Amino acid sequence: MQRLKQTERSYYITNGTNFIGDQIDPDHINQAMDFAHEMVFGSGFHRNHRTGGQHTRKKGELFCNTFQGKLSEIIIYEYLKKEHIDSGAIDFGVHGQGVWDDADLTVQEKRLNIKSAAFFSNLLLLETKDWDLRGNYIPNLDQGVSARYDYFILVRIKPDLKRVFRKNKLFYSNDIEKSKILELINGQDWQFDIPGFIDYYQLLKMMDGYYILPQNAFLNGNIKMDAENYYVQTGDMNAIGNLIKNLKQP
């Protein structure tokens, strides 16, 4: 795996990949929209800060993150279904505080962790304080459920909803009418790509090799990191077709 280029506190991509988008079904957009709205503005619970992070997130930002995350989960579910792989049902349960969804999708006892990013991103990021050095997800350990993931898949989404919300002065708001969110989301041309995946053993390699993007560092010279993260660049990830082959093996 290639490391990011470092110049003082700035880190730069050295092995990225171009975004090559496919259209997203409008029904899947609406599913993610309804879920994210209920989680953030309804009866759900979301932390207003990242693990180890310094920044307190407003509901506008939380909605963007929740929408992008759930949409990416739907995309992978549908992708696997087209490949005739059963990953079980997506969890659309709106959980309150203290209730944890321990896995994104599961295929034949293989646990998939789905990460999402904006279309211009070239990193799969995992917050270091969420993981112990054996590759266990600490929040799951605390809940007494399985803490190991077999595969980590990255999905990139276009457009970047955070930029859309910022442009419309909604990103830092805690009170947004649902009709306004619907108008903004339905006015976009939604696309995705799946640049790749890593497995559990590659996660351990990231940890052992200290592939870390520090807190307060600047990515590409201008994006300040709120929390410390392990990273892998998209150009170093495995092609998604290889995951399909692995999951189809008996």
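The values are calculated or read from the model by the stated rules, or taken from the named source; none is laboratory data. Computed from a predicted structure; not experimentally measured. For neighbour counting, all protein chains shown are included, and Cβ atoms are generated from backbone atoms with ideal geometry for every residue, glycine included.
Brief remarks on what is shown
- One residue stands out among those in region 73-90 that are touching a helix residue (DSSP H, G or I) at 6+ places or on another chain (Cβ under 6 Å) and within 15 Å of L247 (Cα to Cα): the one that is surrounded by the fewest Cβ atoms within 10 Å (Cβ to Cβ), which is E83.
- Filter result (under 19 Å from Y211 (Cα atoms) and either of a type in the set (K, R) or buried (at least 19 other Cβ atoms within 10 Å of the Cβ) (or both)) within region 129-149: K129, W131, R134, Y137, Y149
- Criterion applied to Q215, Q188 was being under 23 Å from S10 (Cα atoms), assigned to a loop (DSSP other than H, G, I, E, B), in contact (Cβ under 8 Å) with a residue 12 or more places away in the chain and of a type outside the set (V, I, T), and the one residue passing it is Q215.
- Selection from region 97-121 of residues that are crowded, with 18+ Cβ neighbours inside 10 Å, of a type in the set (A, V, I, L, M) and modelled with pLDDT of 65 or more: L105, V107, L112, I114, A117
- Answer from Y200, Y230 - the residue that is among the aromatic types (F, W, Y) and under 17 Å from I13 (Cβ atoms): Y230
- The condition of being β-branched (V, I, T), part of a loop (DSSP other than H, G, I, E, B), within 19 Å of K70 (Cβ to Cβ) and at pLDDT below 95 holds for only one of V145, V94, that being V94.
- Matching option when the condition is charged (D, E, K, R), outside any loop (DSSP other than H, G, I, E, B) and under 16 Å from the mean Cα position of the chain (by Cα), among K162, K180, K205: K162
- If you filter region 218-241 down to residues that are without any contact (Cβ under 8 Å) to a residue 24 or more places away in the chain and not in a loop (DSSP other than H, G, I, E, B), you find that the one that is farthest from E127 (Cα to Cα) is G241.
- Each residue in region 116-132 was checked for being within 13 Å of D193 (Cβ to Cβ) and assigned to a strand (DSSP E or B), and 3 of them qualify.
- A Cβ distance below 7 Å, combined with a sequence gap of six or more or placement on separate chains, defines the contacts here; from region 162-181, residues that are exposed (fewer than 15 other Cβ atoms within 10 Å of the Cβ) reach residues that are not polar (S, T, N, Q) in the pairs Y172/K58; Y172/G60; N174/K58; N174/K59; K178/H37.
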